[in-house]
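One structure is given below, encoded as structure tokens.
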Amino acid sequence: MSSSSQPQRFIIGALSVLLGIAIIYILTQLPTQKDQSGENTVRNSAVIIQPGEHDTTLADLGTRPDWSTLDLWQETITRDDFHYLLTEIYTTGDHWKNYIQIHDDHAIIRTDTREANATYRLNFNPIISEVSPNRNWNSAGELSPGTRDKPLAGVHIAIDPGHIGGKHAKIEERWFQIGDNKPIMEGNMTLLTGQLIQDQLEELGAKVYLVRGENKPVNSRRPDDYREVAEAKARSLGKTDSETITTLQNLYFYRTGEIRERARRVNLAFNPDLVLCLHYNAEAWADPANPSLTTNNHLHVLLHGALTKREIARDDERFEMLVKILQRSHDEEKPLGKYFIDSLAKTTGLERFNYSPASQSAISIDQVDGLWARNLLANRLYQCPVIFLEPYLMNNQEVHDRVQLGNYSGTKDINGTARKSIYQEYADGVVDALRSYYLENRIIYEPSERR
Ligand SMILES: [Zn+2]
């Protein structure tokens, strides 16, 4: 080694040390910078929508949410609660990671996927709060005391009889007829059931709203009013034939537009503590004039949750899910759902239906048979706890025959067993569930002195 190389070595050594320090600095700073800005932490490619075209970043007929509404719930939920509800109840798979990044004390959420870096920052609370979050409904535990006779005193319940019925039953594909028998129309059946439930709940002290009181749409728009949006949607699907467009116009009228109108009523006028969505289930019956019958018959109860890959990608659906999470709707829906599945299984004698455990659109709730979470327009838009009921298969022969008997008081012989009318049986299952739930979950005033 010559003596002249010594200073060079020193310089190289010093530079290496400096370089090392610089690399360490960059490595330690990088995650912090990401963390602070929220940028680059969620996939930030922008979706391009041409003016007048179907907006694929929103659900059909959806509107762009005002994300500042979530400010109401800043620092009201812990990271653990948020993570649990988001990953175990409200979404399937891990597609949420494309839109929501969870950090130690906050989450960064994509708000408008048409813009690369539009995000909302939700701060977590480090401790579990005793106070309920801001919301327009009361859980059972928050109500002032009820009594044994009126366990539902002061409880506001909206009953949503599924579908429209009447002259729209055919267009909404909730109509079939066997020979000269009375046609089966789900919308008419849910309304009759809802009216029976209303009377019984009012006797128990509840304030009850029927979201629809007739077999008519709540929506004032008709298929013609949806021509333009249906055409845009058809173009986005690459199917512009007139049959597709007509089908979409009808769908927007009787389902999407109708449910959105009902949600306006529920959220702006009724503000209930709970919504009951009443349905009768069916298996595909193919030809409505010559329907296929089934020997199956079963029951299941749905809570809100289980957004799929496609659903969490939509800006409004993601926002509506977050409102549910932050209002802690599930804390009320889950115990209620257990009362409903048990009560209806008992009164109807139906076996409980289960989705496949591998389902990408349904999540089992606590492994309770027949109790599942699904993301449906009706249970997502109503901003309070929602219980969605699916008992009976209408194209089961016995169910069909019981519908022919209409509503009646007392019992009639059905295949050798004395049974109430199918409507009364359904209503009793619902009312028993609510009576037990409120008796056991709210404070009941019991005079201690009896003479
Ligand atoms: Zn239905």
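What you get for the chain, charging only the Cβ of Lys and Arg (+1) and of Asp and Glu (-1), is a dipole of about 360 debye around the Cα centre.
Couplings 3J(HN,Hα) of segment 369-386, computed from phi: 4, x, 10, 9, 9, 9, 9, 10, 4, 5, 7, 7, 6, 6, 8, 6, x, 10 Hz, in residue order, whole Hz [Karplus 6.51 cos²θ - 1.76 cosθ + 1.60, θ = phi - 60°; x for Gly and Pro].
Label reach from Gln177 (point 7 Å along Cα→C-beta): in segment 384-411, amide nitrogens under 15 Å belong to 404.
So if the hydrodynamic radius of segment 150-301 is defined as the Kirkwood radius over C-alpha pairs, what does Stokes-Einstein give as its diffusion coefficient at 10 °C and 1.306 mPa s, in µm² per second? Walk me through the numbers on the way to the answer.
Working: Rh = 17.2 Å.
Value of D from the Cα-based Kirkwood radius: 92 µm²/s.
Looking at the chain from every direction and averaging, what is the projected area of its Cα convex hull in nm²?
Details: hull surface 131.5 nm².
It is 32.9 nm².
Put in line by how crowded their Cβ is, counting other Cβ atoms within 10 Å and starting with the fewest, Val386, Val323 read Val323, Val386.
Using Cα pairs closer than 8 Å and at least 6 residues apart in sequence, work out the relative contact order for the chain, in percent. Reported relative contact order: 20 percent. Here the simple spin-label model places points 7 Å from the Cα toward Cβ, and for Asp105 and Asp66 these points are separated by 2.9 nm. Backbone geometry of segment 90-101 corresponds, through the Karplus equation with coefficients 6.51, -1.76 and 1.60 at θ = phi - 60°, to 3J(HN,Hα) couplings of 8, 9, 9, x, 10, 5, 4, 5, 6, 10, 9, 10 Hz, x marking Gly and Pro. Legend: calculated FRET efficiency, Asp241 to Gln360, from the Cβ-Cβ distance at R0 = 41 Å, rounded to 0.05, equals 0.90.
Want the number for Thr294 to Arg265: 0.36 nm per residue separation, take away the alpha-carbon distance, what's left?
Working: separation 29, 0.36 × 29 = 10.44 nm, distance 3.65 nm.
Here the segment from Thr294 to Arg265 would lengthen by 6.8 nm.
A Förster distance of 51 Å, applied to the separation of the beta-carbon atoms of Gln74 and Lys346, puts the FRET efficiency at 0.75. Dipole of the chain (Lys/Arg Cβ +1, Asp/Glu Cβ -1, origin at the Cα centre): which of Ala107, Leu377, Thr190 lies farthest to the positive side? The listed residue farthest towards the positive side: Ala107.
Given 0.36 nm per residue, what is the gain on full extension from Ser220 to Arg121 after removing their alpha carbon distance, in nm? Display every interim value, and only then the final one.
Numbers: separation 99, 0.36 × 99 = 35.64 nm, distance 3.79 nm.
Fully extending the segment from Ser220 to Arg121 adds 31.8 nm.
A Förster radius of 30 Å, combined with the Cβ-Cβ distance separating Lys150 from Leu210, puts the computed FRET efficiency at roughly 0.90.
Of the listed pairs Lys170/Lys420; Lys338/Lys420; Lys170/Lys338; Lys233/Lys309; Lys346/Lys420; Lys167/Lys233, which have alpha-carbon separations greater than 22 Å here?
Numbers: Lys170/Lys420 28 Å; Lys338/Lys420 24 Å; Lys170/Lys338 34 Å; Lys233/Lys309 20 Å; Lys346/Lys420 13 Å; Lys167/Lys233 27 Å.
With Cα atoms farther than 22 Å apart: Lys170/Lys420; Lys338/Lys420; Lys170/Lys338; Lys167/Lys233.
Only one residue of Ala433, Ser144, Tyr252 has its Cα farthest out toward the positive end of the dipole of the chain, where Lys and Arg carry +1 and Asp and Glu -1 on Cβ, and that residue is Tyr252. Projected over every direction and averaged, the convex hull enclosing the alpha-carbon atoms of segment 114-234 yields 14.6 nm². Temperature 37 °C, viscosity 0.692 mPa s: under these conditions the Stokes-Einstein estimate for segment 135-185, based on its Kirkwood radius over C-alpha pairs, is 222 µm² per second.
Fewest to most neighbouring Cβ within 10 Å: what's the order for Lys334, Lys346? Could you put the intermediate results ahead of the total?
Working: Lys334 18, Lys346 13.
If I rank by nearby Cβ atoms, fewest first, I get Lys346, Lys334.
Legend: helices of the chain (whole DSSP H runs) are marked when their alpha-carbon atoms reach 30 angstrom or more along the helix axis and their mean Kyte-Doolittle hydropathy is at least 0.5; marked are 5-37. Placing a pseudo-label 7 Å from each Cα along the Cα-to-Cβ vector at Ser132 and Asn44 gives an inter-label distance of 4.0 nm.
The stretch between Arg227 and Val368 holds 46.4 nm of extra length on full extension. This uses 0.36 nm per residue minus the Cα-Cα distance.
Only the coordinates and a few stated rules stand behind these numbers; no lab work does. The model shown is predicted, which means the values in this text are computed figures rather than measured ones. Here Cβ is always computed from backbone atoms with ideal geometry, including for glycine, and neighbour counts include all displayed protein chains.
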